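The values are calculated or read from the model by the stated rules, or taken from the named source; none is laboratory data. Remember, it's a predicted structure, so these values are computed and weren't measured experimentally. No Cβ is skipped: glycine too gets one built from the backbone with ideal geometry, and neighbour counts run over all protein chains shown.
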Amino acid sequence: MANYFSAERATELNGNHAEIYAQFRSLQNRFFLRNYKSERGAEFAKHGFCRRLETLVRTIDQVYDLLPPEEQGIPDRDDVVDAAIAIQAFTMNAFGCLENIAWIWLYEKDIKNGNGTELDQQEVGLGKKKLRRSLTPQFRAFIDRKKDWLGNLISFRDSLAHRIPLFIPPYVVPKANIEKHNELEKKKWEEPAISEPKEYEKLKADQLKLGQFVPGMMHSIYEETPQVEFHSQLLKDYVTIDAYGHTLLDELER
């Protein structure tokens, strides 16, 4: 079967992947060089957000190393599973970056209840009413523009944390090959394949030749969630988190 990506598209994805290093260093430097008003704000910035940001970069690296866009054929099952684990880590830490941004804002702006008490942990978040009221109009407008993106991230995060974990299907079978694939599947559970491991492995290999790897991630098939092409989605998500980080710093300085 042909590779999922064209040579031109694979080159473009690899080039975009290489560009995130400069973005990471630029934003990391801004966070580390900032003079913070509070120790807790500095902790959430340097040991929360920046640590998670580095994790995002490393997990993208792992996915691109394990399942490079230019790869031909169906990848090894262990590589597919390891890439899915990396994507799971990316998803949780991407959402964690947004939570850390909320905590940085809370401490740097010294946001408290009307009576001077600390906000409850459950009230700290960029979408929580008490914190959102304290944001600048520009910051609120930025968050509103990212509403759809955030909704998708939350959907994947919630399923990963509470229901069905993200996974990458090992391969798909084109419609034209389904009948032949099913015939081979039946033979795998008949003689001589049942008693002859070599025959079983041959049938399994013949099945793989009928399939194609599609670089998509998904969670529940019963919830009818779409399969998302992860090479480009990881990069888009990282760029969005990067924009959140710069926006936070810009609005703290406003």
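Close Cβ contacts (under 6 Å, 6 or more residues apart or on different chains) running from residues in segment 173-186 that are within 16 Å of TYR200 (Cβ to Cβ) to residues that are among the aliphatic types (A, V, I, L, M) and outside any helix (DSSP H, G or I) comprise HIS181/VAL173; HIS181/LEU210.
Criterion applied to HIS231, HIS181 was being in a helix (DSSP H, G or I), under 13 Å from the mean Cα position of the chain (by Cα) and surrounded by 15 or more Cβ atoms within 10 Å (Cβ to Cβ), and the one residue passing it is HIS231. Only one of the listed residues (GLY41, GLY73) is in the same structural domain as ILE111 (by TED's automatic domain parsing) and modelled with pLDDT under 95. That residue is GLY73. Reported count of residues in segment 29-75, each being over 22 Å from the mean Cα position of the chain (by Cα) and charged (D, E, K, R), is 6. Tell me, yes or no, whether segment 142-150 has at least one residue that is within 21 Å of VAL228 (Cα to Cα), assigned to a helix (DSSP H, G or I) and either in contact with a Phe, Trp or Tyr (Cβ under 6 Å, 6 or more places away or on another chain) or acidic (Asp, Glu) (or both). Yes: one or more hits.
ALA205 fulfils the conditions (1) among the small types (Gly, Ala, Ser); (2) at pLDDT 85 or above; (3) out of contact with any helix residue (DSSP H, G or I) (no Cβ under 9 Å at 6 or more places or on another chain) except for a single criterion, (2). Look at segment 137-159: where a residue is under 25 Å from ALA89 (Cα atoms) and in contact (Cβ under 8 Å) with a residue 60 or more places away in the chain and a partner is of a type outside the set (A, V, I, L, M, F, W, C) and surrounded by fewer than 14 Cβ atoms within 10 Å (Cβ to Cβ), sitting 6+ places away or on another chain with Cβ atoms under 7 Å, you get SER159/SER220.
Inside segment 151-178, can you point out the residues that are more than 20 Å from the chain's Cα centre (by Cα), surrounded by fewer than 16 Cβ atoms within 10 Å (Cβ to Cβ) and in a helix (DSSP H, G or I)? Selection gives LYS175, ALA176, ILE178.
The set of residues in segment 97-110 that are buried (at least 19 other Cβ atoms within 10 Å of the Cβ) and either within 14 Å of the chain's Cα centre (by Cα) or modelled with pLDDT under 95 (or both) comprises CYS97, LEU98. Taken over segment 29-45, the criterion of being out of contact with any Phe, Trp or Tyr (no Cβ under 6 Å at 6 or more places or on another chain) and either assigned to a helix (DSSP H, G or I) or over 16 Å from HIS246 (Cα atoms) (or both) is satisfied by ASN29, ARG30, PHE31, PHE32, LEU33, LYS37, GLU39, GLU43.
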